[in-house]
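Everything below concerns the one structure shown next.
The values are calculated or read from the model by the stated rules, or taken from the named source; none is laboratory data. No experiment lies behind these values; they were computed from the predicted model shown. Every residue, glycine as well, gets a Cβ built from its backbone with ideal geometry; the counts of neighbours run over all protein chains shown. For accessibility, only protein heavy atoms count, side chains too; no ligands or nucleic acids. Shrake-Rupley method; radii C 1.70, N 1.55, O 1.52, S 1.80 Å.
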Amino acid sequence: MKKLNVGIVGYGFMGRAHSNAYRKVNNFFDLEHQPVLKAACARSPDNAKAFADKWGYESVETDWRKLIARDDIELIDICTPNNTHAEIAIAAAKAGKMILCEKPLALNAKEAEKMVAAVEKAKVQNMVWYNYRRCPAVVLAKQLVDEGKLGRIFHYRAKFLQDWTINPDLPQGGTGLWRLDVKAAGSGVTGDLLAHCIDTAMWLNGSIDQVSAMTETFVKERKHNLTGKVEKVGIDDACAFLARFTNGSLATFESTRYARGHKALYTFEINGEHASIFWDLHDLHRLQYFDHRDEGRLRGWRSIHVSDGDQPYMKNWWVPGLQIGYEHTFIHQVADFLQGLADDKPAKPDFKDGLATDYVTDAVLQSAKTGQWEKVRKVK
């Protein structure tokens, strides 16, 4: 088995999710490559060491530049705030390292374009962590769409609702709260939550042609953890937009962090001429399916429990009927990346796919400013 030495930058929520995936993937998937947790990098030596000890990394770095310069590191995993993605990824590409980068790919499409150019020039393997593509039920939805089960697509609707920023006393910036700081995040729910919805939507239903959006920042000022001052909030707390897909279908997207009672309600529904499908992250192992060609008194929506061995990824897990969870989507993504190395067929989504999503989010934010429909740029 070939060893693949991993250097991870960042130790937060995503650092844990990715590390768990590297540790578990070879236990459940038969692959030619095995990730080796070689080094963990964070600015704080104590935090880096604590993370490395807990997850089994062999060494620690406090400067990502030193991590990239190491000859024993083959893959750089970027789990840092959005404003650092481009600099780290471009440097890693120049050093000939493979790169896995958290989403969104960059602060904006301009930065993302530079990242795409860097990995293409260096010809290094790359991937963006849009993990919801790896939910078995979502992959089954993709298969049904590609097989023509739904027929012509008319509508796509998605929403991602949370409630964790309603408290006006919640500060912005710093560890854990960088997503509320526009300088670190680039945007609010648009880049954080809707980016997931957009990536999934374009994977399932093709490219988005144009958008019309509105955003709102409900709490206009918050204390900043780094400066200690009350500062203007630059991110969007809520966003809703209309979209037209290139295939002619219409879409609605909605996201907010002000939906009391919702922690991570992500759903999508697709309506076609023959059938409809619906998926809910809170019930992620199920796909709801309706086919109008079903006849008889028992016609109606069916609930497909995606746990059988002939359904996506499930043969690698438990016996039929036993479901899996959120953390398994990251394991699936690592497995697909490693299989792509073996087959010389890079797995998706790659940096170009990440750029396509950033083009949409940029257009959404621009539309919210202009109050007009905005065309979405296409990746060359």
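Structure summary
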item	result
All lysines inside 19 Å of LYS2 as judged from Cα atoms, apart from same-chain residues fewer than 8 positions distant	LYS24, LYS38, LYS97, LYS345
Listed values (i) 1.27; (ii) 0.93; (iii) 0.96, entry calculated as Rg/Rh (Cα atoms, Kirkwood Rh)	(iii)
Of all accessible heavy-atom area on the chain, the percent that carbon and sulfur account for (1.4 Å)	50
In range of the label at HIS155: residues from segment 253-295 whose backbone nitrogen is under 18 Å from the point 7 Å along Cα→Cβ	253-255, 267-280, 288-293
Cut-off under 5 Å, modelled amide H: who pairs with ILE208 long-range	THR246
Sites LEU250 and ARG70, calculated FRET efficiency, Cβ-Cβ separation with R0 45 Å, nearest 0.05	0.35
Dipole in debye (nearest 20) - segment 1-137, about Cα centre, beta carbon charges: Lys, Arg +1; Asp, Glu -1	160
Burial order of peptide ranges 221-229, 356-364 (average beta-carbon count within 10 Å, highest first)	356-364, 221-229
Projected label distance in nm at ASN167 and GLN366, using a 7 Å step from Cα toward the beta-carbon	3.8
Amide H partners (placed H, <5 Å) of PHE154, local residues excluded	ASN271, GLY272, GLU273
Charge-dipole axis of the chain as Lys and Arg at +1 and Asp and Glu at -1 on Cβ define it, positive-most pick from LEU170, THR190, PHE28	LEU170
Segment 285-378 - charge dipole about Cα centre, Lys and Arg +1 at Cβ, Asp and Glu -1, debye rounded to 20	400
Span from the segment 304-380 Cα centroid across to the segment 54-128 one, whole angstrom	19
Within the chain, percent of DSSP bridges classed antiparallel, to nearest 5	60
Nearest-20 debye value, the chain charge dipole, Cβ charges on Lys, Arg, Asp, Glu	420
Karplus (6.51, -1.76, 1.60) ³J(HN,Hα), θ = phi - 60°, over segment 213-219, in Hz, Gly and Pro reported as x	10, 9, 10, 8, 10, 7, 9
Å² of accessible area per residue within the chain, as computed with a 1.4 Å probe and no ligands counted	46
Under 5 Å, built H, 5+ apart or other chain: amide partners of ILE166	none
Charge dipole of segment 269-351 about the Cα centre (unit charges at C-beta), most positive-ward option of ILE304, ASN271, HIS285	ILE304
Mean separation of Cα contacts under 8 Å, 6 or more apart, over the residue count of the chain: relative contact order %	19
Gyration tensor verdict on segment 58-196 (Cα atoms; rounded if a/c is under 1.5, prolate if a/b is larger than b/c, oblate otherwise)	oblate
Equivalent ellipsoid, segment 286-380 (semi-axes from 5 times Cα gyration tensor eigenvalues, Å)	34, 26, 12
Segments 58-65, 258-265 sorted - mean Cβ within 10 Å per residue, highest first	58-65, 258-265
The chain: calculated mean residue ellipticity at 222 nm from DSSP helix runs of at least 4, using -39500 (n - 2.57)	-10000 deg cm²/dmol
